[in-house]
1. Tally Lys/Arg at +1 and Asp/Glu at -1 over every other residue whose Cβ is under 14 Å from the Cβ of residue 112; what's the total?
2. Determine one quarter of the surface area of the Cα convex hull of the stretch 85-127, which equals its mean projected area, and express it in nm² to one decimal.
3. How about the stretch 99-143: which trypsin sites (Lys or Arg not before Pro) there lie in a loop by DSSP and see at most 14 other Cβ atoms within 10 Å?
4. Give, as a single signed number, the net charge of other residues whose beta carbon lies under 11 Å from the beta carbon of residue 95, with Lys and Arg counted +1 and Asp and Glu -1.
5. Around residue 164, which amide H atoms from residues at least 5 apart in sequence, or from another chain, sit under 5 Å from its own amide H, with H modelled in the peptide plane?
6. Percent of Cα-Cα pairs more than 22 Å apart in the stretch 30-126, please.
7. What does the convex hull of the Cα atoms of the stretch 3-180 come to per residue, in Å³, rounded to a whole number?
8. So how compact is the stretch 130-183: Cα radius of gyration and Dmax in angstrom?
Amino acid sequence: MKFETDRLILKPPAAEDIGAIVAVANDPWIAEMTLMPHPYLQRDALAWIAKAKEDWESHGHGGLAIFTRTGMAFAGAIGLKATEAPGVCSVGYWLSPAVWGRGFATEALREMLRYGFEVVGLQKIEACHVIENPASGKVMEKAGLIHATPEDLPARDGQGMVPGIVRHITADEWRATQFASTP
């Protein structure tokens, strides 16, 4: 399983990616802007790789490592995760601060929406971000997640909640945007 966009390659994470995953995921900015564990250890990367493999095998979607097409540098992660509601997945992502502001997150997110709606046949895709990370909300808006609802999200340490925003787009809304952008 591999996805290619204009500037990125998205593929399931592998054992050879562990060093890069841990190095990037341990950046304090990622900890500040996401709900990922921090410090992010090798065991966290191993668990993510195993979970991604399991999800792809059982659901046909899961976690993907993001690499730049130029130089194949590890840039971050993205993935679709099943929710309790049938036909609905959540998408999550994080990217290295070294590549922030280049549109990579939007590009990867658009590819996940395409895959989720066209291939998996989802009816709705949602994503969330903490209030302290409005840039992630802008990424979601650019990719088409047009509905936004304030909602408390579980804290990284599992103790309490943090203010956040949950966004979503339905398959019909996504298809309408694809039709509208076709010449």
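1. Neighbour charge sum, excluding residue 112 itself: +2.
2. With every direction weighted equally, the projected area is 3.1 nm².
3. Sparse-neighbourhood loop trypsin sites (Lys or Arg not before Pro): 102.
4. After counting each charged neighbour, the total is -1.
5. Hits under the 5 Å cutoff: 131, 151, 152, 153.
6. Result: 31 percent of Cα pairs exceed 22 Å.
7. Value for the stretch 3-180: 116 Å³ per residue.
8. 14.2, 50
Read the figures in this text as sums done on the coordinates, not as results from a lab. What you see is a predicted model, and the numbers here were worked out from it, not measured in a lab. Ideal geometry is used to build each Cβ from the backbone, glycine not excepted, and the neighbour counts take in all protein chains shown.
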